[in-house]
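Trainee: Sharing a structure here in structure tokens format.
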Amino acid sequence: MSKYESYFLMGVEDAAEYVKEKLPSFQKGAVLSCQEIGDGNLNYVFRVKDARTGTSIIVKQAGEETRISREMKLSTDRGRIESRILRLQAQSAPGMVPAVYLYDSVMCAMLMEDMDGHTMMRTGLMNHEIYPLFGEQITDFLVNSLLNSTDVVMDHKAKKERVREFINPDLCEISENLVYSEPYVDYNHRNNVFLPNAEFIEKEIYEDKELRLEAAKLKFDFMNHAQALIHGDLHTGSIFINQEHLFVFDPEFAFYGPMGYDVGNIIANLFFAWCNGDAVIDNEGEREKFCGWVLQTIEEIVDKFILKFKKAFMERAADLMAKTEGFLDYYLESVLSDTAAAAGLESIRRIVGMANVKDITVIADERKRVRAERIILTLAKDYVKNRTSFKCGKDYLESIERAVSQYR
Ligand code: SR1
Ligand code: MG
């Protein structure tokens with residue numbers, strides 16, 4: 001009997017042996033080495049390499065407890081969800097997600113393509129790398145992966161079947177708590193707040209009743225608006241990139257929710273990169289180059305998303321009523337308002353909540369980190385409270401300029 005017939009958490013040796021057992025092509029004469037390379041909050045990721053041929057493969061296994069906190073228990077079903085959405089996204093956005101070779105529901109493990117030659121985008125951005133094609137590429141991914149999963153394009157019964165297939169209660173609960181609740185009321189006492197900003201956060205976030213009400217409304221939209229099959233955690237740590245190509249991966253938070261959630265997450269996380277560059281790059285020319293590119297890319301993403309979304313909607317809408325004059329504009333307007341809201345909520349939770357982002361936490365100069373966090377929170381409040389007025393890329397740039405100018 002194979003040792004992989006009942007679930008246990010693998011170590012590096014188990015993972016290498018597992019690949020040999022599950023993928024016969026790795027068997028004959030393979031000289032395997034294995035490294036655990038996961039740096040996320042939830043799972044174990046192993047790179048298994050055959051020294052003879054240089055080929056490598058990824059084993060990703062879901063543990064029953066999260067890595068960020070052993071007290072957080074999670075259903076290992078997230079592996080099924082992740083492998084399934086990756087297969088669907090491979091159809092909608094070919095070549096933009098890693099190929100899944102196998103999903104094993106016993107070990108809750110997936111064998112997938114190694115995204116060799118690509119760097120985690122957050123790491124690249126923290127090295128102040130510029131990716132000129134990113135705006136074009138990510139808007140292709142967003143429009144295709146999202147729109148194709150909606151009632152606009154899909155047969156409605158098939159779409160409802162998908163909604164059922166992607167019910168993801170444990171991971172949704174994490175977002176409902178970490179994104180939509182705890183940053184406003186620290187009832188689990190696990191928010192990580194940078195102490196020099198504690199008073200600012202008390203006043204500007206915890207005591208802002210209007211903001212809390214908007215977050216409450218948005219929480220219920222997130223839970224009840226089964227619009228599109230969303231990635232659900234589309235930050236720059238969920239992208240592997242190089243100068244020519246990108247992979248979007250790690251969609252274990254996927255479920256049917258508001259599509260603006262994915263678009264807004266990208267925008268918020270790009271701005272974290274701007275803050276890092278602004279605080280850390282000493283050379284003025286280099287700082288302007290990197291930060292300028294980030295701003296230009298935020299604008300480009302919003303504007304290209306709108307253009308491509310409209311075009312794809314007109315070409316692909318199958319529902320008779322969705323083709324009614326005026327409906328596309330009405331639909332897109334709500335996606336754009338959800339986008340600004342999600343950008344705001346993601347920004348707030350990465351500063352005030354439990355799971356912070358390295359772009360900001362690595363800023364060693366206290367004064368500069370204080371400033372970066374205040375800019376982010378000020379901007380985020382504008383995104384959330386005035387979400388219906390963010391209709392194009394320029395609206396984002398103007399809001400960023402207003403927030404930055406308060407902390408010169
Ligand atoms: C307990 S998990 C914390 C965060 O890490 C993931 O990447 C998600 O963003 C989640 O909210
Ligand atoms: Mg992740």
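Trainee: With just the Cα atoms defining each centre, how far is the range 195-256 from the range 281-342? Give it in Å.
Mentor: Computed from Cα coordinates, the inter-centre distance equals 17 Å.
Trainee: With the crude spin-label approximation of a point 7 Å out along Cα→Cβ, what separation in nm comes out for residue 173 versus residue 210?
Mentor: Reported label-point gap for residue 173 and residue 210 is 3.5 nm.
Trainee: Tell me which residues come under 5 Å, amide H to amide H, from residue 63 once H is placed; ignore anything under 5 positions away on its chain.
Mentor: Placed amide hydrogens put 44 under 5 Å from residue 63.
Trainee: Which of the listed residues, 362, 33, 383, is farthest toward the dipole's positive end in the chain, when Lys, Arg count +1 and Asp, Glu count -1 at the beta-carbon?
Mentor: Of the options given, the answer is 33.
Trainee: Please turn the phi angles of the range 39-53 into ³J(HN,Hα) values with the Karplus equation 6.51 cos²θ - 1.76 cosθ + 1.60 (θ = phi - 60°), one per residue in order, whole Hz, x for glycine and proline.
Mentor: 10, x, 8, 10, 10, 10, 10, 10, 9, 10, 10, 9, 4, 5, 9
Trainee: Would you mind calculating the gained length between residue 198 and residue 105 on full extension (0.36 nm times residue separation, minus the Cα-Cα distance), in nm to one decimal? The partial results should precede the final answer.
Mentor: Details: separation 93, 0.36 × 93 = 33.48 nm, distance 4.40 nm.
That works out to 29.1 nm of additional length.
Trainee: So what are the ³J(HN,Hα) numbers for the range 14-20, from phi and the Karplus equation (6.51, -1.76, 1.60; θ = phi - 60°), rounded to whole Hz, Gly and Pro as x?
Mentor: 4, 5, 5, 4, 4, 4, 4
Trainee: I need the shape label for the range 3-113. Rule: rounded when a/c is under 1.5, else prolate if a/b > b/c, else oblate, with a, b, c from the alpha carbon gyration tensor.
Mentor: Cα axes put the range 3-113 in the oblate bin.
Trainee: Per DSSP H run of at least 4 residues, take -39500 (n - 2.57); add these up for the chain, divide by its residues and hand me the 222 nm value, nearest 500 deg cm²/dmol.
Mentor: Here the helix-only value at 222 nm equals -16000 deg cm²/dmol.
Trainee: Name the residue farthest towards the positive end of the dipole of the range 261-408 from the options 292, 324, 406, assuming +1 on Cβ of Lys and Arg, -1 on Cβ of Asp and Glu, about the Cα centre.
Mentor: The listed residue farthest towards the positive side: 406.
Trainee: Could you tell me the accessible area of residue 130 in Å² (1.4 Å probe, neighbours in place), rounded to the nearest ten?
Mentor: 40
Trainee: If I take R0 = 51 Å and measure r between the Cβ atoms of residue 286 and residue 2 in this structure, what FRET efficiency does the formula 1/(1 + (r/R0)^6) give, to the nearest 0.05?
Mentor: Taking R0 as 51 Å, the efficiency between residue 286 and residue 2 is 0.40.
Trainee: So which lysines can residue 157 reach, going by Cα to Cα under 21 Å and dropping same-chain residues fewer than 8 places off?
Mentor: 323
Trainee: Still on this model: How far, in degrees from 0 to 90, does helix 393-405 lean away from the longest principal axis of the Cα atoms of the chain, to the nearest 10?
Mentor: Tilt of helix 393-405: around 70 degrees.
Trainee: Let me ask something else. Enter the Cα centre distance for the pair the range 2-41 and the range 124-139, rounded to the nearest angstrom.
Mentor: 32
Trainee: Right, here's the next one. Which FRET efficiency value, to the nearest 0.05, do you get for residue 113 and residue 405 by plugging their Cβ-Cβ distance into 1/(1 + (r/R0)^6) with R0 = 45 Å?
Mentor: Working: r = 45 Å, r/R0 = 1.00.
So, using R0 = 45 Å, E works out to roughly 0.50.
Trainee: Label the range 250-309 by shape, choosing from rounded, prolate and oblate, from the square roots a ≥ b ≥ c of the eigenvalues of the Cα gyration tensor; if a/c is under 1.5 it is rounded, and otherwise prolate applies when a/b is larger than b/c, oblate when it is not.
Mentor: oblate
Trainee: What's the magnitude of the charge dipole for the range 1-109 around its Cα centre, counting Lys and Arg as +1 and Asp and Glu as -1 at the beta-carbon? Answer in Debye, nearest 20.
Mentor: That gives the range 1-109 a dipole magnitude of about 340 debye.
Trainee: Could you state the angle between the C-alpha long axis of helix 156-165 and the longest principal axis of the C-alpha atoms of the chain, as a value from 0 to 90 degrees rounded to the nearest 10?
Mentor: Roughly 70 degrees between the two axes.
Trainee: A further question on this structure: Could you state the angle between the C-alpha long axis of helix 284-316 and the longest principal axis of the C-alpha atoms of the chain, as a value from 0 to 90 degrees rounded to the nearest 10?
Mentor: Its long axis makes an angle of about 80 degrees.
Trainee: In whole Hz, what ³J(HN,Hα) sequence does the range 103-118 give by Karplus (6.51, -1.76, 1.60; θ = phi - 60°), x for Gly and Pro?
Mentor: Per residue, the Karplus-derived 3J(HN,Hα) values read 10, 10, 6, 7, 7, 6, 10, 10, 9, 9, 4, 7, 8, 3, x, 10 Hz.
Trainee: Determine the dipole magnitude for the range 54-138: charges of +1 sit on the beta-carbon of Lys and Arg, -1 on that of Asp and Glu, nothing else is charged, the reference point is the Cα centre, and the result goes in debye to the nearest 20. Numbers along the way, then the final one.
Mentor: Numbers: 9 positive and 11 negative charges, 50 e Å.
Magnitude of the dipole: close to 240 debye.
Trainee: Also, quick follow-up: Taking R0 as 41 Å, what's the FRET efficiency between residue 157 and residue 398 from their Cβ-Cβ distance, rounded to 0.05?
Mentor: Values: r = 44 Å, r/R0 = 1.06.
Given R0 = 41 Å and the Cβ-Cβ separation, E is 0.40.
Trainee: Related question: Please give the contour-minus-distance gain from residue 9 to residue 71: 0.36 nm per residue of separation, less the Cα-Cα distance, rounded to one decimal in nm.
Mentor: Extending this stretch completely gives an extra 20.7 nm.
Trainee: Let me ask you something else. Describe numerically, in nm with one decimal, the distance between label points set 7 Å from Cα along Cα→Cβ at residue 366 and at residue 91.
Mentor: 5.6
Trainee: Same structure again: Figure the gain on full extension for residue 21 and residue 224 (residue separation times 0.36 nm, minus the Cα-Cα span) and round it to one decimal in nm.
Mentor: Gain on extension, residue 21 to residue 224, equals 68.8 nm.
Trainee: On a straight-distance basis, which lysines could pair with residue 49 in a cross-link, Cα separation under 27 angstrom, same-chain partners fewer than 8 positions away excluded?
Mentor: 3, 20, 22, 28, 60
Trainee: Roughly how many percent of the accessible protein surface of the range 3-113 is carbon and sulfur, given a 1.4 Å probe and a whole-percent answer? If you can, show how the numbers build up before the last one.
Mentor: Numbers: 2590 of 5290 Å².
The nonpolar share, carbon plus sulfur, comes to 49 percent.
Trainee: Moving to a separate point now. With a 1.4 Å probe and all protein chains kept in place, how much accessible area does residue 170 have, in Å² rounded to the nearest 10?
Mentor: 50
The values are calculated or read from the model by the stated rules, or taken from the named source; none is laboratory data. Remember, predicted model here, so these are calculated numbers, not experimental data. As a convention, Cβ positions derive from the backbone with ideal geometry for all residues, glycine included, and neighbour counts pool all protein chains shown. Accessible surface is based on the protein model in full, side chains and every heavy atom, while ligands, DNA and RNA are left aside. Shrake-Rupley method; radii C 1.70, N 1.55, O 1.52, S 1.80 Å.
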